[in-house]
1. Would you tally the net charge around Tyr86, using a Cβ to Cβ cut-off of less than 9 Å, leaving Tyr86 out, and scoring K and R as +1, D and E as -1?
2. Summing +1 for each Lys or Arg and -1 for each Asp or Glu, what net charge is found among the other residues whose Cβ lies under 14 Å from the Cβ of Tyr38?
3. Let me check I have the definition right: for the stretch 19-130, take the eigenvalues of the Cα gyration tensor, multiply each by 5, take square roots. What are those semi-axes in whole Å, largest first?
4. Could you give me the ³J(HN,Hα) list for the stretch 86-100, computed from phi with Karplus coefficients 6.51, -1.76, 1.60 and θ = phi - 60°, whole Hz, x at Gly and Pro?
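No lab work stands behind these numbers, since they all come straight from the coordinates. A quick note: this is a predicted structure, and the numbers were derived from the prediction, not measured. Virtual Cβ from ideal backbone geometry, glycine too; neighbours counted across all protein chains shown.
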Amino acid sequence: MTNEESKRPEMRGAEARPRNWLVPVLLLSLKDWNSYGYELMERATAFGFEAMNPGTLYRTLRQMEKDGIVESTWETSRGGPARRMYSITDSGKTYLDFWAKSLEQYQQTMDSFFRMYTGRSLRPEEKKREE
């Protein structure tokens, strides 16, 4: 894309996911079971992180640990090297709840956008009749 094209709104790519999307995705992955980095990276692919740099994942996990929303311990297994096992904290669960509520509101906004975009939006008087 040329510099001139990047100035035109129709030529700029839209962000496909919310900012800092990796944090709630990791918290959601840790909500029901503890996990290690490689497994978390595999789970993140379901949320659009197909080609994630492992450094990005581990930097994010370290920052999440500093922020107190995850914690980690070293797990040693008989068949391999020690690895860091991550788990969500109570603060992490609260943060995940906040994200879920925010995303629910975001989804409603996106639903409204697409209803209008496809011409299926309801006028206020039609909404009242539906209720």
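1. -1
2. So the surrounding residues net to 0.
3. 38, 15, 11
4. 9, 9, 7, 9, 4, 5, x, 5, 5, 5, 5, 4, 4, 4, 4
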